[in-house]
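The structure appears right after this line, and notes come after that.
The values are calculated or read from the model by the stated rules, or taken from the named source; none is laboratory data. Source: prediction; values computed, not measured. A quick note on method: Cβ atoms are made from the backbone with ideal geometry, for glycine too, and the neighbour counts reach across all protein chains shown. With ligands, DNA and RNA removed, areas are computed over all heavy atoms of the protein, side chains included. Shrake-Rupley method; radii C 1.70, N 1.55, O 1.52, S 1.80 Å.
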Amino acid sequence: MSPFQFALPGRVVFGRNEAQKAPALIRAFGTRGVLVHGADPARAAWLLEALRAAGAELRTVACGAEPSLPMLEGALSDLRGFDAQWVVALGGGAALDMGKALAALIPAPGGIMDHLEVVGLGLALKAAPLPFVALPTTAGTGAEATRNAVIGLPEHGRKVSIRDERMLPRIAIVDPALTDHCPRGVTLASGLDALAQVIEPYVSSKATPFTDALVRPVIAPGLRALLRLMQAEDAEARDRMAWTSLCGGIALANGGLGAVHGLAGVIGGVTPAAHGAICGVLLGPVIAMNRDHAPDPARLHEVCALIAAELGGDAANAPQTLADWARGCGLPGLVAQGLEPDRHQAVAEASLSSSSMKGNPFAPAPALLCEILRAAG
């Protein structure tokens, strides 16, 4: 067995209604903190009130969209001089990424570009991040278990990461009740992202026995849960999706991803499309490409068999069956999400330098990636 390593959040608290423990756990890190929330501050009011009742002095940061460099710069400027002792984020992957980035950069002596990958220097943090606590309200990105924060750079047309092992949340509180009654479109897109993040690490060239043990058992139950949630609200299905998302986050942080996320990072930088929707529409075509071109496609055939068992039909057509099902549930194609065909070549070429693409089971040429983009259009 080849050597491997893995790193995890300092503590994971998983279960329905476990978020009630958050105020005491957070307050143990000190009295002064930052609360990052999504577009609707009312969804975080319960935590804000509980923390204040526990004696915390708070600043709040709204993150109503996927974080960009200007948003991050503005938040850091607003927090200058506050002397925060911790950061907590309650929301979807965007809010969690913003919180993770703030926890990393508030104590950092240099500028943001010192630490951004690809377009910056990509340096490790010189100072330890503030304690960060993550409470996800969607089941998709797994950001509660990853060591990076994704930041959009509109002027570069890219999304890139700040990455450091110390950015792993000190505590991840994964309470599926926080995802109950999530809008259907968000549930679909985030759920397909969660599925991509358990499928890609399983077929990744960087897969390890640890990541295999996490993701292989949740691929079929995760898809089954998403099928159920497209039919009706279901607490048990929400629980399964939250677990799938957490497993995917841990696996991608310790293994690798692939062409879905390699392409998605570039597309997200040149369109206003949501990350989960991009990943969702790419997933079927990328599975088919990898199955047909990877030097050892055994795991891809296995994934296709799992998909076929849940969606019906035969395994040979499973990637298309998955794509058709997602479209039938309302997932828009890439053109509707803002990616015009004349951008395909540039997107394909730019994706080759992404960290995610390095985990794909083979190195795809730009021409093959353009076929994926056309199929997902």
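Any residue at all in region 283-301 that is farther than 22 Å from residue 207 by Cβ and of a type in the set (Gly, Ala, Ser)?
Step one: filter region 283-301 for residues farther than 22 Å from residue 207 by Cβ, giving none.
No: region 283-301 contains no residue that is farther than 22 Å from residue 207 by Cβ and of a type in the set (Gly, Ala, Ser).
Only one of 59, 16 is among the basic types (Lys, Arg) and over 28 Å from residue 152 (Cα atoms); which? Give the steps one after another, and end with the answer.
Values: 59 fails: over 28 Å from residue 152 (Cα atoms).
Result: 16 is the single residue among 59, 16 that is among the basic types (Lys, Arg) and over 28 Å from residue 152 (Cα atoms).
If I filter region 132-141 for residues that are open to solvent by 20 Å² or more (accessible area, probe 1.4 Å), on the phi < 0 side of the Ramachandran plot and at pLDDT 90 or above, do I get at least one hit? Steps first, answer last, please.
To start, the set of residues in region 132-141 that are open to solvent by 20 Å² or more (accessible area, probe 1.4 Å) comprises 138, 141.
After this cut, where a residue has to be on the phi < 0 side of the Ramachandran plot as well, the list is 138, 141.
Applying the additional criterion that residues be at pLDDT 90 or above yields 138.
The answer is yes; a qualifying residue exists.
Hey, can you tell me all the residues within region 127-143 that are part of a loop (DSSP other than H, G, I, E, B) and either closer than 12 Å to residue 11 by Cα or of a type in the set (A, V, I, L, M, F, W, C) (or both)?
The initial filter retains those residues of region 127-143 that are part of a loop (DSSP other than H, G, I, E, B), namely 127-131, 137-142.
Those that are part of a loop (DSSP other than H, G, I, E, B) and either closer than 12 Å to residue 11 by Cα or of a type in the set (A, V, I, L, M, F, W, C) (or both): 127, 128, 130, 131, 139.
Condition test on residue 27, is it charged (D, E, K, R) and surrounded by fewer than 15 Cβ atoms within 10 Å (Cβ to Cβ)?
Values: charged (D, E, K, R): yes; surrounded by fewer than 15 Cβ atoms within 10 Å (Cβ to Cβ): no.
In short, no.
With closer than 12 Å to residue 140 by Cα, surrounded by 24 or more Cβ atoms within 10 Å (Cβ to Cβ) and of a type outside the set (A, V, I, L, M, F, W, C) as the only criterion, which of 262, 248 stands out? Steps first, please.
Numbers: 262 fails: closer than 12 Å to residue 140 by Cα.
Unique residue meeting the criteria: 248.
Pairs please, first residue from region 38-50 and on the phi < 0 side of the Ramachandran plot, second anywhere and open to solvent by 80 Å² or more (accessible area, probe 1.4 Å), Cβ atoms under 9 Å, 6+ apart in sequence or on different chains.
Once the first residue is on the phi < 0 side of the Ramachandran plot and sits in region 38-50, its partners that are open to solvent by 80 Å² or more (accessible area, probe 1.4 Å) give 50/20.
Consider only pairs whose beta carbons are under 6 Å apart and that are at least six residues apart or on different chains; among these, list those whose first residue lies in region 348-361 and is closer than 17 Å to residue 287 by Cα and whose second residue is open to solvent by 60 Å² or more (accessible area, probe 1.4 Å).
359/205; 359/206; 361/205
Considering only region 230-245, state which residues are open to solvent by 20 Å² or more (accessible area, probe 1.4 Å) and in a helix (DSSP H, G or I).
235, 236, 239, 240, 243
Among the listed residues 223, 227, identify the single one that is touching a residue at least 40 places away in the same chain (Cβ under 8 Å) and open to solvent by 20 Å² or more (accessible area, probe 1.4 Å). I'd like the intermediate steps shown before the answer.
On the way: 223 fails: open to solvent by 20 Å² or more (accessible area, probe 1.4 Å).
Selected residue: 227, the only one of 223, 227 that is touching a residue at least 40 places away in the same chain (Cβ under 8 Å) and open to solvent by 20 Å² or more (accessible area, probe 1.4 Å).
Condition first: under 19 Å from residue 202 (Cβ atoms) and either open to solvent by less than 40 Å² (accessible area, probe 1.4 Å) or not basic (Lys, Arg) (or both). Now tell me which residues in region 357-371 satisfy that. Spell out the reasoning first.
Within region 357-371, the subset under 19 Å from residue 202 (Cβ atoms) is 357-364.
Within region 357-371, 357, 359, 360, 361, 362, 363, 364 meet the criteria.
Pick out the one residue from 19, 50, 39 that is in a loop (DSSP other than H, G, I, E, B) and more than 17 Å from residue 106 (Cβ to Cβ).
Details: 19 fails: in a loop (DSSP other than H, G, I, E, B); 50 fails: in a loop (DSSP other than H, G, I, E, B).
Among 19, 50, 39, only 39 is in a loop (DSSP other than H, G, I, E, B) and more than 17 Å from residue 106 (Cβ to Cβ).
Just the residues that are under 29 Å from residue 273 (Cβ atoms) and either modelled with pLDDT of 95 or more or surrounded by fewer than 15 Cβ atoms within 10 Å (Cβ to Cβ) (or both), please, taken from region 30-42.
Within region 30-42, the subset under 29 Å from residue 273 (Cβ atoms) is 34-42.
Selection gives 34, 35, 36, 37, 39, 40, 41, 42.
For region 180-222, give me the residue count where each residue is part of a helix (DSSP H, G or I), over 17 Å from the mean Cα position of the chain (by Cα) and of a type outside the set (A, V, I, L, M). It would help to see each step written out before you state the result.
Taking region 180-222 as the starting set, the residues that turn out to be part of a helix (DSSP H, G or I) are 184-203, 209-222.
Within this subset, residues satisfying the condition of being over 17 Å from the mean Cα position of the chain (by Cα) are 184, 203, 209-210, 212-213, 216-217, 220-221.
Still in the list and also of a type outside the set (A, V, I, L, M): 184, 209-210, 212, 216-217, 221.
Selection size over region 180-222: 7.
What residue, of 316, 326, is of a type in the set (A, V, I, L, M, F, W, C) and open to solvent by 50 Å² or more (accessible area, probe 1.4 Å)? Please lay out each step first, then the result.
Values: 326 fails: open to solvent by 50 Å² or more (accessible area, probe 1.4 Å).
Only one candidate passes the filter, namely 316.
What pairs come out if I take residues in region 282-309 that are among the polar types (S, T, N, Q) and pair them with residues that are in a helix (DSSP H, G or I) and modelled with pLDDT of 95 or more whose C-beta lies under 6 Å away, six or more apart or interchain?
Cβ pairs passing all conditions: 290/300.
Taking residue 300 as meeting all but one of (1) of a type in the set (A, V, I, L, M, F, W, C); (2) open to solvent by less than 10 Å² (accessible area, probe 1.4 Å); (3) within 16 Å of residue 327 (Cβ to Cβ), write down the number of the exception.
(3)
If you go through region 76-96, how many residues are open to solvent by less than 20 Å² (accessible area, probe 1.4 Å) and among the acidic types (Asp, Glu)?
0
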